[in-house]
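The next block holds one structure in the form of structure tokens; read it before the comments.
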Amino acid sequence: MTIPVPNVTFHERVDAALRDPILHTALDRSMSRFSELRRAALAAFADESATRARARLIRAHTLSRLDAYLEQFEANVQRAGGQVHFAADAAALNRIVGEIARAHRVKAVVKGKSMVSEETALNDALEAEGIRVVETDLGEYIVQLAGEHPSHIIAPAFHKTKEQVGQLFHEKINLPLTDDPAVMTAAARAKLRWEFLNADMGISGVNFGVAETGSICLVENEGNGRLTTTVPRVHVAVMGIERLVPNLDDLAVMLQVLARSATGQKLSVYTNLITGPRKNDEGDGPAELHIILLDNGRSRVLGGEVAEILYCIRCGACLNACPVYREIGGHAYGSVYSGPVGAVLTPALEGIAQWSALPQASTLCGMCKQVCPVQIDIPRMLLVERAQATHAGKMAWWLRLGLHLYAFTATKPALYRLAAGGARLGSRVLGAPQQGWIKKLPPPLNAWTKTRDFPAFAQKSFRAQWEARRARKDAERAGDSHA
């Protein structure tokens, strides 16, 4: 099983997103707030750069010895009474969860937020076996009721306005029509409380696994994670193999940068450290803890040119800062992982052939790298994958032709000067060069000017300007010598 490829093109999804005024309202209400909270939270560090550099080193070191840390983690989980399963791909993870569910005659499952479960389409697999699955994170609960998928790593219902959620709750859970977030939250809480108390299994994601202790760490702000992992008799935690840290000191560093970068908090409201299932003298917790470690292409990525993308701690900061994401939202990417991180990760995991459009979804402005808490060089990897797409024959014919024509022209000085002269003449005919912009280009170039202006060509070439400057300097020196 792989991430399903949408049946419409990336450009069709983008066009639909750009024409959706409600989506823009939802994005505008939230995007700036997240960015402002992040800046304020990071400013509280005595030395922000040093902390982020240390976090990056922790991720780099862990991945450089991932095999050893995975073995250590497995041994310590087992020592604490938990069970570890390795899943080579999405189908294997779904199969393992299904086997655990059948062994315990599970009929109902409550789930905490998990991108890995989205990656493997775990809900669909369980429901196909007649098992009822309920998302318990409020954002995940909203998109599940809507029959949708998350549009943001940390805010699954980012694409919905409160008015849309009010209408959804009115239709799905019979809540009187309202757009009051407090009223809607209370209604969801009341519905979910019953689900927690009657679930046979809880499934959660994992923010970090601690190799030294065999612990898993989950961070959240709603308390649903604690209920998911303690009330049902079986807890299944799913995580990518890369989500390890060596020890608790390293975990402390990662938690500092995660919360600040994700939601602008110094620390999330609930930071859960779970080591093994319930002990004999403990009053709550699951009787069994199963941790499933998913590869699904990660080990292959680890040895390649974009291995750095596995440093990602899923904070969502790059999405909030990206000018492309801020205009088209998450669903336009067509993948579980959206934004700059998704533009690199999805092609890396699933292959460039079917996801070649995603690395193009960037202005290469560098904001993603600037805000990343572990300083991942996403722009570099986008260029790597663009080159991979070209080598795979995924470049549009007109772009290939254009680049060949440019290369042919640029390597012949006389022809290049002639073409530049034509471009300057075209600027005068088509635009207002005194303002520096062309408002409308002829087909097929009008695809650009439908949504933005095109910069007019300079009326004097660089060579002409340089020669004029040199002549002026020579004249000034000659004048000085006569004086």
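Coordinate-derived values only; no laboratory data. Note that this is a predicted model, so its numbers are computed, not measured. Positions of Cβ are generated from backbone atoms using ideal geometry, with glycine treated the same way; all protein chains shown enter the neighbour counts.
Approximating the spin labels as points 7 Å out from Cα along Cα→Cβ, the Arg54-to-Ala392 distance works out to 3.9 nm.
In plain terms, the chain from Gln265 to Leu248 could stretch by 4.1 nm, reckoned as 0.36 nm per residue minus the Cα-Cα distance. Taking all C-alpha pairs of the chain, those more than 31 Å from each other amount to 51 percent. Assuming R0 = 56 Å, can you tell me the calculated FRET efficiency for the pair Glu467 and Glu171, based on Cβ-Cβ distance, to the nearest 0.05? Working from the Cβ atoms, E equals 0.20. One quarter of the surface of the convex hull around the alpha-carbon atoms of the range 23-162 equals 11.8 nm², the direction-averaged projected area. The gain in end-to-end length when the Arg193 to Arg105 segment is fully stretched comes to 29.5 nm, 0.36 nm per residue minus the alpha carbon separation. In this structure the amide hydrogen of Ile291, modeled in the peptide plane, comes within under 5 Å of the amide hydrogens of Gln83, Val84, His85, Ala237, none closer than 5 places in sequence on its chain.
Here the chain carries DSSP beta bridges of which approximately 30% are antiparallel, counting only pairs with both residues inside. Our coupling estimate for the range 111-122, obtained by passing each phi through the Karplus curve with A = 6.51, B = -1.76, C = 1.60 and θ = phi - 60°, is 10, x, 5, 7, 6, 4, 5, 5, 4, 9, 6, 4 Hz, Gly and Pro reported as x.
Please rank Tyr141, Tyr416, fewest neighbouring Cβ atoms within 10 Å first, as an exposure proxy.
By the 10 Å Cβ count, ascending: Tyr416, Tyr141.
Across q = 0.25 Å⁻¹, the range 297-390 modelled as identical point scatterers on its alpha-carbon atoms has Debye log10 I(q)/I(0) values of -1.46, in the order of the q list. Each residue of the range 61-71 was assigned a 3J(HN,Hα) from its phi angle through the Karplus expression (A = 6.51, B = -1.76, C = 1.60, θ = phi - 60°), giving 4, 4, 6, 5, 10, 4, 4, 5, 5, 5, 5 Hz with x at Gly and Pro.
State to the nearest 20 debye the size of the charge dipole of the chain about its Cα centre, where the only charges are +1 on K and R beta carbons and -1 on D and E beta carbons.
My answer is approximately 2200 debye.
Fully extending the segment from Ala40 to Ala16 would add 5.2 nm, taking 0.36 nm per residue of separation and subtracting the current Cα-Cα distance.
Qualifying chymotrypsin sites (Phe, Trp or Tyr not before Pro) in the range 16-76, where qualification requires a DSSP coil assignment and no more than 16 other C-beta atoms within 10 Å, comprise Phe45.
When the Cα convex hull of the range 371-480 is projected onto planes of every orientation, the mean area is 12.5 nm².
May I have the convex hull volume per residue, in Å³, for the Cα set of the range 35-92?
Spelled out: Cα convex hull of the range 35-92, divided by residues, is 169 Å³.
Each of Asn296, Asn320, Asn247 was placed along the dipole of the range 239-334 (beta-carbon charges, centred on the mean Cα), and the one lying farthest toward the positive end is Asn320.
Counting other Cβ atoms within 10 Å, keep those with at most 12, restrict to DSSP loop, and tell me which trypsin sites (Lys or Arg not before Pro) in the range 39-147 are left. Mind dumping the intermediate values first?
Numbers: sites: Arg39, Arg52, Arg54, Arg56, Arg59, Arg65, Arg79, Arg95, Arg102, Arg105, Lys107, Lys111, Lys113, Arg132; in loops: Arg65, Arg105, Lys107, Lys113.
Passing both the DSSP loop test and the Cβ count: Arg105.
The H on the amide N of Ser215, modeled in the peptide plane, is under 5 Å from the matching H of Val210, each at least 5 residues off or on a different chain. Across the range 1-71 the C-alpha pair distances fall into 10 Å bins from zero in the proportions 14, 19, 23, 31, 12, 0 percent.
The fewest-to-most ranking of His152, His11 by surrounding Cβ atoms within 10 Å reads His11, His152.
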